[in-house]
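The values are calculated or read from the model by the stated rules, or taken from the named source; none is laboratory data. Everything numeric in this text was worked out from a predicted model, so none of it was measured. Don't worry about glycine lacking a Cβ; one is built from the backbone with ideal geometry, like all the others, and counts go over all protein chains shown.
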Amino acid sequence: MSASSTTPAKISKKLILYTIVEQLPRLYAITDREKYGRDFLKTLERVLQKGVKLIQLREKTLPDGELYRLALKVRELTKRYGALLLINERLDVALAVGADGVHLPERSLPPSVVKRVAPKLLVGFSAHDLESALYAEREGADFITLSPIFKTSSHPQAKPLGTAKLMEVCSRVSVPVYALGGVSWNRIKTCYKAGAYGISGITIFIT
């Protein structure tokens, strides 16, 4: 394509994508109160002390008030460590606590809706195959998690996608892809070789 045929809209989209990629950390930790134990905030702080700079507060079973109060504390902690905070699915809570974004499950709101309501928020999306990854990109998600790459105790019934599928998805979308599901420290290099932008998980960051 010649320079003259590149539209301003396409150039703008590329510049926005490059800016997002530059600011996204490579390690993305997801919280789980059961695995984090009784002292949730201390466990989270240990994760942050390891250098993780992107946190998803994913506590779907908490009542609204408790989730809000916990999110306020997590927001304060992530700010102290210079980390980005995303709230799982709850756009209202993300806005209320001044989070950096939301992470949407596959059957949640379309990313375009969140972008329309809160254009400055980062929007992550949980993809489980190529089709949902392409959908997320079309809808304006800033990045996706692809899972499960390997067998995982969190979803033992789910069939692993494997690194071949990870490679395919990474080659077909332009947004950053985080490998999620059964990723251990000795598998990180394999995921990066397959094209993953980053690594996401729960257990990997607390063991």
Enumeration of residues in the stretch 14-54 that are part of a strand (DSSP E or B) and either modelled with pLDDT under 95 or closer than 20 Å to residue 136 by Cβ (or both): 28, 30, 54
Residues located in the stretch 165-207, provided they are polar (S, T, N, Q) and either buried (at least 22 other Cβ atoms within 10 Å of the Cβ) or not in a helix (DSSP H, G or I) (or both): 174, 184, 200, 207
Answer from 119, 156, 105 - the residue that is surrounded by fewer than 16 Cβ atoms within 10 Å (Cβ to Cβ) and in contact with a Ser or Thr (Cβ under 7 Å, 6 or more places away or on another chain): 105
Residue that is surrounded by the fewest Cβ atoms within 10 Å (Cβ to Cβ), among those in the stretch 18-47 that are farther than 18 Å from residue 154 by Cβ and over 16 Å from the mean Cα position of the chain (by Cα): 38
Subset of the stretch 158-178 [within 18 Å of the chain's Cα centre (by Cα), more than 16 Å from residue 148 (Cβ to Cβ) and of a type in the set (Ser, Thr, Tyr)]: 174
Qualifying position, being within 16 Å of residue 51 (Cα to Cα), within 15 Å of the chain's Cα centre (by Cα) and in contact (Cβ under 8 Å) with a residue 24 or more places away in the chain, among 198, 181: 198
The stretch 185-207, residues that are of a type in the set (S, T, N, Q) and under 26 Å from residue 45 (Cβ atoms): 186, 200, 203, 207
Residues within the stretch 75-101 that are acidic (Asp, Glu) and either under 13 Å from the mean Cα position of the chain (by Cα) or surrounded by 21 or more Cβ atoms within 10 Å (Cβ to Cβ) (or both), tallied: 2
Enumeration of residues in the stretch 76-102 that are in a helix (DSSP H, G or I) and closer than 18 Å to residue 114 by Cβ: 91, 92, 93, 94, 95, 96, 97
